[in-house]
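Derivation of every value follows stated rules applied to the coordinates shown; laboratory data play no part. Predicted model, so just to flag it, every value in this text is computed and none were measured. Glycine gets a Cβ as well: all are built from the backbone with ideal geometry, and neighbour counts include every protein chain shown.
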Ligand code: ASP
């Protein structure tokens, strides 16, 4: 079976199916608890079938998610900001070679790693993002520097690399980002899929959303994009309102999947607008937004928390690496497959 037909199968299996409503329903008791602080993370969505991961890999992915949850929770427990928490969680995932962000990023058609990231502060609606950067060890921290130390929202490519140096962020040689698995994925893509992006984006983007004890929300997303991207392609992750969005009192969102579709549906902002303008609950808004992605042929998933810290997970793929922790449920919990209950 080719990757394309596999993806088609996945999409047709899930098209029109309100997966999150049926399988990922929020238990009433959990939904009623209002946490003081809350954090959710993801490590990408894709065509991910049970049995495809060895038990060791399954364990390693969950350990990676747990480490990110613990890093973010440490900040939130101590009364730190949601902004610091999402940055801390994403940095852990960027440093983990299993995830497609920072070290372990996928390769472009030319065999380079070009990284995208964004962060947004729900309290001020300030945002920072970078696209196509090649030398910053932790692109999420560069996105934060754009937000806090430049008058801009989005910097790209050589200019963003230069800004990173000027700001004194930790630099990495291009081969720091190399992993053998990603290189093999590129070689496979070169053989079969050279006309298009890798439709499996099996181990996608990473992201985090958080509510802090002061009631502020924040979102962060970081990615290597999709294997075989070229012509300076940029996905949804660094586009504010598409892959990343946060607004106090409403929600914070980080998305993963076929970025072109998330851009066209303003996915992250759409979740928030559904809550603010239509009065939808966060899970309902996540599901409806994913349905709009399905309708135009896209796939992937998203994580969201509302202004009170309730977490929601929406997806139309077979799996999404995901996890949550909160003051109401302070042990990190993770899930991978779509039919596995999402943590709350
Ligand atoms: N959304 C990312 C992009 O389009 C890829 C992914 O999440 O797998 O760049």
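Quick notes on this one:
- Relative contact order of the chain, taken over Cα pairs closer than 8 Å and 6 or more residues apart, is 26 percent.
- Eigenvalues of the alpha-carbon gyration tensor of the chain, scaled by 5 and square-rooted, set the equivalent ellipsoid semi-axes at 26, 24, 18 angstrom, largest first.
- With the simple model of a label 7 Å out from the Cα in the direction of the Cβ, residue 171 to residue 158 spans 1.5 nm.
- Likely footprinting exposure, 142, 154, 39, fewest C-beta neighbours within 10 Å first: 154, 142, 39
- Extent of region 143-196 along its three principal axes (Cα atoms, max minus min coordinate, largest first): 43, 23, 16 Å.
- Between 106, 90, 133, the GNM of the chain built on Cα springs shorter than 10 angstrom shows 133 fluctuating the most.
- Of 134, 54, 108, the one that fluctuates the most in a GNM where the chain has Cα springs shorter than 10 Å: 54
- Cα-based shape type of region 187-344, given that a ≥ b ≥ c are square roots of the gyration tensor eigenvalues and the cut on a/c is 1.5: prolate
- Put in order of Cβ neighbour count within 10 Å, fewest first, the listed residues 206, 282, 92 become 92, 282, 206.
- Neighbour-count ranking [beta-carbon atoms within 10 angstrom, fewest first] of 42, 152: 152, 42
- Shape category assigned to region 87-222 from the gyration tensor of Cα positions, a/c cut at 1.5: prolate
- Shape call, region 262-344: gyration tensor on alpha carbons, a/c limit 1.5: oblate
- Note on the chain: GNM, Cα springs under 10 Å; of 123, 88, 220, the largest mean-square fluctuation is that of 123.
- Note on region 54-147: along the principal axes its Cα atoms extend 38, 33, 16 Å, ordered by decreasing extent.
- Region 239-344, relative contact order [Cα under 8 Å, separation at least 6], %: 22 percent
- For the peptides 327-334, 114-121, the ranking by mean Cβ contacts within 10 Å, running from highest to lowest, is 114-121, 327-334.
- Sum of -39500 (n - 2.57) over DSSP H runs of 4+, divided by residues of the chain (222 nm, nearest 500): -11000 deg cm²/dmol
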